[in-house]
Amino acid sequence: KNEVEQSPQNLTAQEGEFITINCSYSVGISALHWLQQHPGGGIVSLFMLSSGKKKHGRLIATINIQEKHSSLHITASHPRDSAVYICAVRREETSGSRLTFGEGTQLTVNP
Amino acid sequence: EAGVAQSPRYKIIEKRQSVAFWCNPISGHATLYWYQQILGQGPKLLIQFQNNGVVDDSQLPKDRFSAERLKGVDSTLKIQPAKLEDSAVYLCASSLVPGSEQYFGPGTRLTVT
């Protein structure tokens, strides 16, 4: 079993829909990252959080440390949001700050 | 501010050949990471540098992979000899200090035939 599990693996939505991507992890962490990867490979960091909630534009990320769970929400989705969304955690005991990544959620937003 | 630069963007080689990738991190970033991302999977850390020293190379296949960051700035990752299963995107990332936000380069897509 992977230490970081994402769901769903694939998600197709219509433009304007509210989208939720989930991430569960099984280890103690010091931080959780949400990343966006577009075709071609480039990765952009969306959020880094260790508690509570963060918001940036139409994106909202929440984390529940007790339940070892995080969600990424996209409000008013748009075709340009189509990408792979990756959850990654930094384990508590990792002195070198190694990130452990989920396998990603492929999001497709249709016009 | 310039981002993380990588070259080449694409490389196709035959198995048993050698290949090298180059990364130039964001200026002032002391920490540099090399990741391997196989199609359909999340990235896997190969090696982490702090300045010119290795912090974590526990997942680097040292029989064929090597990396260096001699002057604590640019880094090269080499595979010698390549195997079919090395086909992947190789991502370089940097951060100001360990644990701070990582900034990723565009990646090098390697195909081994």
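The values are calculated or read from the model by the stated rules, or taken from the named source; none is laboratory data. Computed from a predicted model, the values in this text were never measured in an experiment. Glycine gets a Cβ as well: all are built from the backbone with ideal geometry, and neighbour counts include every protein chain shown. Please note that ligands, DNA and RNA were not included when accessible areas were found on the heavy atoms of the full protein model with its side chains. Shrake-Rupley method; radii C 1.70, N 1.55, O 1.52, S 1.80 Å.
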How much of residue A:54 can a 1.4 Å solvent probe reach, expressed as accessible area in Å² and rounded to 10?
-> 90 Å²
Relative contact order of region A:1-70, pairs being alpha-carbon contacts under 8 Å that are 6 or more residues apart, as % = 24 percent
Could you give me the percent of Cα pairs per 10 Å distance bin for the protein assembly as shown, shortest bin first, beginning at zero and ending with the bin that holds the maximum distance?
-> 8, 33, 35, 19, 4, 0
Given a Förster distance of 35 angstrom, what is the FRET efficiency for residue B:9 paired with residue B:63, based on the Cβ-Cβ distance and rounded to 0.05?
-> 0.85
State, as an integer percentage, the relative contact order of chain B based on alpha-carbon contacts under 8 Å between residues 6 or more apart.
-> 37 percent
Share of accessible surface on carbon and sulfur in the protein assembly as shown, whole %, 1.4 Å probe and ligands ignored, is 50 percent
Loop sites in region B:21-113: trypsin sites (Lys or Arg not before Pro), DSSP, at most 11 other Cβ within 10 Å | B:62, B:71
Volume in Å³ per residue [convex hull over Cα atoms, computed for chain B] | 93 Å³
For the residue pair residue B:111 and residue B:17, what label-to-label distance in nm results when each label sits 7 Å from Cα along the Cα-to-beta-carbon direction?
-> 1.2 nm
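Please go through the residue pairs A:55/B:71; A:68/B:44; A:68/B:62 and name each one whose alpha carbons sit more than 31 Å apart in this structure.
The answer is A:55/B:71; A:68/B:62.
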Counting other Cβ atoms within 10 Å, keep those with at most 15, restrict to DSSP loop, and tell me which GluC sites (Glu not before Pro) in region B:49-113 are left.
-> B:101
Treating the beta-carbon of each Lys and Arg as +1 and of each Asp and Glu as -1, no other charges, what is the dipole magnitude of the protein assembly as shown about its Cα centre, to the nearest 20 debye?
-> 320 debye
In whole percent, what relative contact order does region A:11-111 give with Cα contacts below 8 Å and a gap of six or more residues?
-> 36 percent
Can you tell me how much longer the chain between residue A:64 and residue A:20 gets when fully stretched, taken as 0.36 nm per residue apart minus their C-alpha distance, in nm with one decimal?
-> 14.3 nm
Rounded to the nearest whole number, the per residue volume of the convex hull around the C-alpha atoms of region A:30-103 in Å³ is 95 Å³
In Å², what does the accessible area per residue of chain A work out to with a 1.4 Å probe?
-> 47 Å²
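How fast does region B:16-58 diffuse by Stokes-Einstein, in µm²/s, taking the Kirkwood radius from C-alpha pairs at 20 °C and 1.002 mPa s?
Stokes-Einstein gives a translational diffusion coefficient of 178 µm²/s.
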Please build a GNM for chain B, connecting alpha carbons under 10 Å apart, and tell me which residue among B:49, B:65, B:21 fluctuates the most.
-> B:65
